[in-house]
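Reviewing the structure listed below.
The values are calculated or read from the model by the stated rules, or taken from the named source; none is laboratory data. This one's a predicted model, so the numbers in the text were calculated from it and none came from an experiment. For neighbour counting, all protein chains shown are included, and Cβ atoms are generated from backbone atoms with ideal geometry for every residue, glycine included. Side chains included, ligands, DNA and RNA excluded: accessible areas come from the protein's heavy atoms. Shrake-Rupley method; radii C 1.70, N 1.55, O 1.52, S 1.80 Å.
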Amino acid sequence: MLLKDGEQFKFTIRKYSMCCRRELKIIRNEPNRVKVKYITSKKFKWGIFASYNNMARCMQVKFFHDEHNYYVRFRNKMVNVKVIAEHFEATIGDHPKMKLREIQRRVSSEMHVNDNMTRCRRAKKMVKDKLVRNFV
C-alpha cells in the first residue's frame, strides 16, 4: 500500500480505528516512519509500520500483522475534538443551534464512540468559529 505522506497514513489509521472500533496508538511518529499498535491488551499482536520509500517517493506499508480476534471498544483516544469537528462540520453548519445532547447522540451512533459533553462543546465551538471566519 502506497500513501502520499505520514499525515495521510495517520488519517487512514484514524478512519480504520473508528470503523473497526479498535483503540490504536501511534507509537513511533516521525516524518519518515510511523508505527501503530493495538493498546488495550498486550496479548494481541495487531500492528502496522509504514516508512518513506525513496524509490517510489511516498510512504509504504512495510509490516502489517492483522489479527482480529479481540473485543470492540467504545472509548477511542483517536477520536478527538478535531476529528468530531471535521465529521460534523456540515451538520453543525446547517443547524448551528443543535443541542449538545444531540451532537453527543450522533457521535455515539455514527462514530461508535462514547463521548463526553466537553468534547462536543469544543467541536461545536470550533465549527462555529470556522464559519464566522469564512463569512468575515
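A few comments on the model shown:
- Take the Cβ atoms of Arg121 and Asp66, set R0 to 30 Å, and the FRET efficiency comes out at 0.25.
- In the context of the full set of protein chains, residues of segment 6-65 present 62 Å² of accessible surface per residue (probe radius 1.4 Å, heavy atoms only).
- Stretched out straight at 0.36 nm per residue, the stretch from Glu30 to Lys77 would grow longer than its current Cα-Cα span by 15.0 nm.
- Rolling a 1.4 Å probe over the protein heavy atoms of the chain, with every protein chain left in place, gives an accessible area that is 52 percent carbon and sulfur.
- FRET efficiency, Met1 to Ala90 (Cβ-Cβ, R0 30 Å, nearest 0.05): 0.55
- Stretching the chain fully between Lys15 and Ile39 yields a gain of 7.0 nm (0.36 nm per residue, less the alpha carbon separation).
- Solvent-free Debye calculation, one equal scatterer per alpha-carbon of the chain: log10 I(q)/I(0) at 0.19, 0.22 Å⁻¹ equals -1.05, -1.20.
- In sequence order, calculated HN-Hα J values of segment 90-96 (Karplus, 6.51, -1.76, 1.60; Hz; x Gly/Pro): 5, 5, 5, x, 6, 10, x
- For Cys58, distant residues with modelled amide H under 5 Å away: Asn53
- Spin-label model, Glu110 to Lys97: label points 7 Å out along the Cα-to-beta-carbon direction sit 2.1 nm apart.
- Residue by residue, segment 113-127 carries 3J(HN,Hα) couplings of 9, 7, 10, 9, 5, 5, 5, 5, 5, 5, 5, 4, 5, 4, 5 Hz when phi is fed to the Karplus relation 6.51 cos²θ - 1.76 cosθ + 1.60 (θ = phi - 60°); x denotes Gly or Pro.
- Each listed q (0.16, 0.22, 0.25 Å⁻¹) maps to a log10 I(q)/I(0) for segment 88-136 from the Debye sum over equal C-alpha point scatterers, namely -0.41, -0.74, -0.91.
- Here is how the number arises for the chain: DSSP H runs of 4 or more residues each give -39500 (n - 2.57), the sum is divided by the residue count, and the result at 222 nm is -13500 deg cm²/dmol.
- Relative contact order of the chain, taken over Cα pairs closer than 8 Å and 6 or more residues apart, is 21 percent.
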